[in-house]
Amino acid sequence: MEGAETVENLVAGVLRYAMESAVLEQAQTEEEISSECAPTSGSEYECTVAFGGEPVRSTISVQDVSGIEVESGGRTVIDSSRISYEVVEQEVVVTERAVQLAMLDAIENSQDGDSPLSNPRCDEDLPAVQVVADGEQAEGTCYADTEGWRAWPNWSEVFDISGNSVAPIVTKR
């Protein structure tokens, strides 16, 4: 990490990169992004990634970093890959785009079953970007029509949206 003058700055830089990458993965779209991470007590760091102006916070526990300095070619270098950490608590970003992609996956995965789904759609007022705790329900609902022999005329399946550290999850009610 260029410009890191202390171990804390180095660790913060590694965590910033990891948290920004996670938020971009969750969002499934690009948006202006920035971040900051700082040690709070002992081995804990608080990180905030701003995605499109929305703060996404996480608390991270960093394990022993004493092994990050290694000898290479007669000189001491920093090996940031030796920094191990665990995300203790986190918020996740849920974007309209990521929810739409999750619904398309749900439709595709239903095609081999007895009741394939079609016509995926979500509430018109589904927020473009929202931040929720990992595993918590997000605002909005999605729908899909049931096809096949189990279909009921004009009946739609209802899907709830929840935040996840990888991408939003849509599940049938």
Q: Please work out the Cα convex hull volume for the stretch 95-172 and give it in Å³ per residue.
A: 82 Å³
Q: Determine the gain in length on full extension of the stretch residue 30-residue 44; use 0.36 nm per residue of separation and subtract their C-alpha separation, reporting nm with one decimal.
A: 2.2 nm
(Q) Below 11 angstrom from the Cβ of residue 48, what's the summed charge of the other residues (Lys, Arg +1; Asp, Glu -1)? (A) -3
**Q.** Calculated FRET efficiency for the pair residue 166/residue 112, C-beta based, R₀ 25 Å, to 0.05
**A.** 0.60
Q. At what distance in nm do the modelled label points of residue 134 and residue 57 sit from each other, each positioned 7 Å from its Cα along Cα→Cβ?
A. 1.6 nm
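Each reported figure results from applying straightforward, stated rules to the coordinates on display, with no laboratory input. Please read all numbers here as calculations on a predicted model, not as lab measurements. Positions of Cβ are generated from backbone atoms using ideal geometry, with glycine treated the same way; all protein chains shown enter the neighbour counts.
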